[in-house]
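Engineer: Pasting a structure here, questions to come.
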Amino acid sequence: MYAELGQYAIILALIFAVIQAIIPLIGAQKGWNNWMALAVPTAQIQFILLFLAFAALTYSFVVSDFSVLLVAANSAVDKPLVYKFTGVWANHEGSMLLWNLILAIFGAAVATFGANLPPALRARVLSVQAMIGVAFLAFLIFTSNPFLRLENPPLEGSGLNPLLQDPGLALHPPFLYLGYVGLSMAFSFAIAALIEGKVDAAWARWVRPWTLAAWVFLTLGISLGSWWAYYELGWGGWWFWDPVENSSFMPWLVATALLHSAIVVEKRDTLKAWTVLLAILAFSFSLIGTFLVRSGVLTSVHAFATDPRRGMFVLLILALTIGGGLTMYALRANKLKSHSVFATFSRESGLVLNNLLLSVSAAVVLVGTMWPLVIEFATGEKISVGPPFFDMAFTPFMIVLVMALPIGSILPWKRANLGRSMKPLWGVMAISVTLGALVWSLQTGGRIIAPIGMTLAAWIILGAIADFGNRIRFRKVPFGESMRRLGNLPRSDWGKVLAHSGMGLIIFGISSVTAWEIEDIRTTRYGETYDVGSYTFTLNNVKDLEGPNYSIVRGEVLVESETESFLLYPEKRIYTAQQQPTTEAGIDMGLTRDVYIVLGDKQEAGGYAMRVYIKPFVNWIWIGTLVMSLGGLVSLFDRRFRVAAPSRKGRKTTAAPAE
Amino acid sequence: MKYLLIILMLSSPAMLASPAMAVEPSEMLDNPELEARARVISKGLRCLVCQNENIDDSNSGLAADLRILVRERLTEGDTNQGVVDYIVDRFGEYVLLKPTFSGTNMLLWASGPLLLILGGIGAVSFIRSRGKQRPETGLDEDETKKLASLLED
């Protein structure tokens with residue numbers, strides 16, 4: 001019954017999406033207010049319908065209704081309740097329903113809270129948003145129907161993949177989708193702007209919060225995935241340059257560029273066409289990511305060919321969206337002229353450099369990810385492009401970006417005196433380089449990444465703080481005056497210092513763990529002690545236990561150092577439904593280091609294989625991503641996005657500069 | 001994340017059937033220097049039956065066989081490159097996680113610098129064009145005409 005209601009709801013949602021895609025757009029062209037106004041209720045109804053459909057599917061999972069194919073294939077009665085909820089999106093069909101729901105949430109949000117938008121712009125934005133909705137609802141209904149019934153329902157389902165029965169991974173997809181789909185708003189605004197042939201500061205102000213929100217979710221989603229891989233996959237890696245990871249990283253890079261270029265549009269009324277292009281590209285990269293993951297093309301061109309239906313459909317959506325978007329851009333971008341002027345040394349130039357480096361690095365990731373496909377398609381040969389390529393080809397861009405960041409962000413708009421602007425930074429540079437030199441001289445035989453990483457991390461964090469101090473004229477004016485300025489500082493300035501410092505913390509964590517990680521692999525017996533780094537390890541015992549839906553082999557390891565002593569319990573689990581093993585590393589987390597233990601197999605000669613890692617400062621990678629996201633969040637609540645509801649100014653009359 | 005991919009796309013849990021660890025203690029060489037070289041080589045070789053995993057990290061049986069093969073070659077005195085060549089001869093370029101610097105792959109390696117140069121030219125010419133434009137005078141057309149006529153007088 002519920003499944004049929006859900007089915008009914010998604011079909012109705014498709015019909016409403018079609019109406020919303022057409023009527024308001026015509027209304028906006030013709031200036032018919034009631035046609036334009038139709039976008040608001042249709043967007044809201046779509047959200048309600050998809051919410052109902054999602055609720056219906058969730059209900060089927062919670063009550064373990066195995067007559068629904070999807071539930072039978074992905075759930076089981078004895079599965080913990082929380083994973084019955086998260087199991088809804090831990091499969092292709094359910095996750096596509098979630099994708100559509102999130103798309104509808106964003107649409108409804110614009111409809112409901114966008115009263116300050118000019119009616120024509122709102123109608124066009126919602127119409128474009130509905131076009132995307134039509135495509136993905138059709139994809140859901142015709143290729144990925146989550147509500148299919150089984151004629152002969154089984155008594156027990158086949159269970160959820162054990163790797164997905166984990167809090168980190170349970171939350172990973174929704175965050176990632178909020179990010180991916182959130183970028184559709186930027187896309188819709190961009191297309192609407194191209195239709196209108198007008199991009200101004202007001203437009204940038206409307207686009208920026210949506211992009212910012214999407215970016216925060218994307219940052220958190222990627223970070224959750226990386227953290228999950230770290231503690232779950234069993235060797236403590238945190239980034240693999242896997243095509244699936246790259247699929248989420250490329251939109252992140254472009255969205256980051258977009259956030260920065262939108263500032264230029266808003267504050268300086270230039271870089272308009274480029275910003276619109278980035279908005280189109282950011283969502284395009286989200287779609288490419290979806291295509292790569294959903295079509296199976298990544299495993300091999302052949303896997304794609306064996307079941308091409310879904311892949312072809314996504315490819316079609318991809319072609320229409322990107323092709324359509326870029327065609328619109330080609331036709332209309334010349335309308336987006338800007339006349340504002342800035343010097344070579346200026347904040348504007350700094351942000352252009354930021355955009356250049358971020359876009360090229362995103363392109364490098366794209367080329368690297370697609371290269372094996374291109375080669376296989378062109379020559380039939382199979383080659384691999386793995387982490388060594390990305391480390392070599394991508395990292396230099398980030399190093400240059402970080403070197404330029406503090407300088408670019410401290411430069412004033414329009415025209416800077418480089419010497420004067422750099423004044424607060426010389427000290428920072430001296431400290432950073434000294435710190436790097438110190439690290440270099442102290443470490444024995446370590447890798448060069450440590451001193452470089454420490455220098456860059458200090459440079460970017462202290463640089464952000466120096467910029468902040470500069471803003472409140474710290475020590476330039478009396479302390480009380482500085483505090484007053486601090487109180488008046490817009491939230492976006494707080495966001496900036498947080499986001500940039502977060503980047504520094506990430507670099508600090510990455511270079512520490514890469515340079516100074518200690519690894520030990522050996523066979524150990526009960527009671528045997530051995531040293532790794534400054535810690536002593538003893539395997540006390542290994543016990544067989546039972547979990548809710550899995551059996552456990554759990555080791556008890558005593559870890560001692562001069563200052564502390566604790567027990568860790570590395571586990572191996574065998575999930576009953578799938579007979580599939582997973583590792584649960586025993587991890588003692590800390591701000592200065594993680595102690596990470598993986599229990600291996602019983603050895604024929606007696607004893608157990610055991611891997612031990614000491615990972616210095618590794619958690620700062622994720623602390624950094626959190627600080628970065630917090631920066632985005634703080635910026636999101638900047639006054640200018642809420643109050644000064646930007647009204648479109650009439651064209652400023654200025655002497656048109658000769659061109 | 002790579003497992004997520006496998007799960008979401010193929011839904012075939014069977015492929016993760018054999019529980020094992022990445023590098024097993026029993027595989028490791030007694031000579032620490034050779035073992036260290038083996039680890040470095042292993043990290044650059046792809047596990048052929050996995051999703052984008054190197055044989056050093058992989059739990060699959062085939063990866064274990066390759067790890068042992070790498071160590072055998074090293075014990076027999078091969079150089080690092082010699083070991084890699086030996087494996088590429090048997091399994092093809094697909095095992096190399098770092099693509100070669102030859103043939104069409106040159107384009108892959110050059111893509112970053114090339115795009116940077118192209119983009120850089122675009123960015124520089126944009127910035128220069130912004131600098132060259134006459135600054136806004138704050139006068140509209142009428143005012144400019146008026147000013148011009150006043151100056152003529």
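Engineer: With each run of n ≥ 4 DSSP H residues scored as -39500 (n - 2.57), what mean residue ellipticity at 222 nm is computed for chain A after dividing by its residue count and rounding to the nearest 500 deg cm²/dmol?
Structural biologist: Details: 21 runs with 422 residues, N = 659.
Using -39500 (n - 2.57) per qualifying helix, the result is -22000 deg cm²/dmol.
Engineer: For the stretch A:552-560, just list the computed ³J(HN,Hα) in residue order, Karplus coefficients 6.51, -1.76 and 1.60, θ = phi - 60°, integers in Hz, with x standing in for Gly and Pro.
Structural biologist: For the stretch A:552-560, the Karplus-derived couplings read 10, 10, 10, x, 10, 10, 8, 10, 10 Hz, x marking Gly and Pro.
Engineer: Considering the convex hull of the alpha carbon atoms of the protein assembly as shown, report its projected area averaged over all viewing directions, in nm², one decimal. Write out the running numbers ahead of the final one.
Structural biologist: Details: hull surface 158.9 nm².
If you wrap the Cα atoms of the protein assembly as shown in a convex hull and average its projections, you get 39.7 nm².
Engineer: Going by how many other Cβ atoms sit within 10 Å of their own, how do A:276, A:595 line up, fewest first?
Structural biologist: Values: A:276 29, A:595 24.
In order of increasing Cβ crowding within 10 Å: A:595, A:276.
Engineer: Moving on. Can you find, among A:277, A:314, A:73, the residue sitting farthest towards the positive end of the charge dipole of chain A, where Lys and Arg contribute +1 and Asp and Glu -1 at Cβ?
Structural biologist: Selected residue: A:277.
Engineer: On to the next question. Describe numerically, in nm with one decimal, the distance between label points set 7 Å from Cα along Cα→Cβ at residue A:392 and at residue A:441.
Structural biologist: If labels sit at residue A:392 and residue A:441, their model points lie 3.4 nm apart.
Engineer: Compute the separation of the alpha-carbon centres of the stretch A:518-577 and the stretch A:77-104 and state it in Å as a whole number.
Structural biologist: Cα centres, the stretch A:518-577 to the stretch A:77-104: 34 Å.
Engineer: If you don't mind, there's one more thing I want to ask. With the cut-off at 27 Å, tell me which of the pairs A:272/A:414; A:84/A:602; A:84/B:43; A:79/B:43; A:337/A:423; A:423/A:615 have Cα atoms farther apart than that.
Structural biologist: Values: A:272/A:414 16 Å; A:84/A:602 34 Å; A:84/B:43 38 Å; A:79/B:43 37 Å; A:337/A:423 35 Å; A:423/A:615 37 Å.
Listed pairs above 27 Å: A:84/A:602; A:84/B:43; A:79/B:43; A:337/A:423; A:423/A:615.
Engineer: A further question on this structure: Using only the Cα atoms of the stretch A:221-293, build the gyration tensor, take square roots of its eigenvalues as a ≥ b ≥ c, and label the shape rounded, prolate or oblate: rounded if a/c is under 1.5, else prolate if a/b is larger than b/c, else oblate. Before the final figure, lay out the partial values.
Structural biologist: Details: a/c = 4.64, a/b = 2.26, b/c = 2.05.
Judged from the Cα gyration tensor, the stretch A:221-293 comes out prolate (a/c at least 1.5, a/b above b/c).
Engineer: Can you tell me the Rg and the Dmax, both Å, for the Cα atoms in the stretch A:1-165?
Structural biologist: 17.8, 58
Engineer: Please work out the Cα convex hull volume for the stretch A:16-109 and give it in Å³ per residue. Kindly include the intermediate steps, with their values, before the conclusion.
Structural biologist: On the way: hull volume 8.3 nm³, N = 94.
Taking only Cα atoms, the stretch A:16-109 has a hull volume of 88 Å³ per residue.
Engineer: Same structure, new question: Counting other beta carbons within 10 Å of each Cβ, put A:622, A:459, A:215 in order, fewest first. Don't jump to the answer; show the numbers that get you there.
Structural biologist: Numbers: A:622 18, A:459 25, A:215 28.
With the fewest neighbours first, A:622, A:459, A:215 line up as A:622, A:459, A:215.
Engineer: Still on this structure, I have one more. ³J(HN,Hα) across the stretch A:4-14 via Karplus (A = 6.51, B = -1.76, C = 1.60, θ = phi - 60°), whole Hz, x for Gly/Pro?
Structural biologist: Per residue, the Karplus-derived 3J(HN,Hα) values read 5, 4, x, 4, 4, 5, 5, 5, 4, 4, 4 Hz.
Engineer: Let me make sure I get this right: for the stretch A:355-470, a, b and c are the square roots of the gyration tensor eigenvalues over alpha carbons, sorted descending. Under 1.5 in a/c it's rounded, otherwise prolate if a/b > b/c, else oblate. Which is it? All intermediate terms of the calculation are to be shown ahead of the outcome.
Structural biologist: Numbers: a/c = 4.82, a/b = 1.65, b/c = 2.91.
It is oblate, given that a/c is not under 1.5 and a/b is not larger than b/c.
Engineer: Taking the Cα centre of chain A as the origin, how large is its charge dipole in debye, to the nearest 20, when only Lys and Arg (+1) and Asp and Glu (-1) carry charge on their Cβ atoms? Show your work: numbers first, answer last.
Structural biologist: Working: 50 positive and 41 negative charges, 838 e Å.
Around 4020 debye, computed over chain A.
Engineer: Would you kindly work out the equivalent ellipsoid of the stretch A:518-616 from its C-alpha gyration tensor and give its semi-axes, the square roots of five times the eigenvalues, largest first in whole Å? Provide the component values of the computation, followed by the final result.
Structural biologist: Values: eigenvalues 113, 48, 26 Å².
Whole-Å semi-axes of the equivalent ellipsoid: 24, 16, 11.
Engineer: Just need log10 I(q)/I(0) for the stretch A:552-610 at q = 0.13, 0.18 Å⁻¹, Debye formula, equal scatterers on the alpha-carbon atoms, no solvent, rounded to two decimals.
Structural biologist: -0.41, -0.70
Engineer: Going by how many other beta carbons lie within 10 Å of each one, how would you line up A:285, A:240, fewest first?
Structural biologist: On the way: A:285 25, A:240 22.
With the fewest neighbours first, A:285, A:240 line up as A:240, A:285.
Engineer: Ok, one more. Using the C-alpha gyration tensor of the stretch A:417-516, what are the square roots of 5 times its eigenvalues, in whole angstrom, with the largest one first? The partial results should precede the final answer.
Structural biologist: On the way: eigenvalues 185, 46, 19 Å².
Rounded to whole Å, the semi-axes are 30, 15, 10.
Engineer: Label points 7 Å out from Cα along the Cβ direction at residue B:26 and residue A:560: separation in nm?
Structural biologist: Between residue B:26 and residue A:560, the simple spin-label model gives 3.1 nm.
Bear in mind these aren't lab numbers, they're just calculated from the coordinates by the rules spelled out. Just so it is clear, the model here is predicted, and its values are computed rather than measured. Positions of Cβ are backbone-derived with ideal geometry, glycine not excepted, and every protein chain shown enters the neighbour counts.
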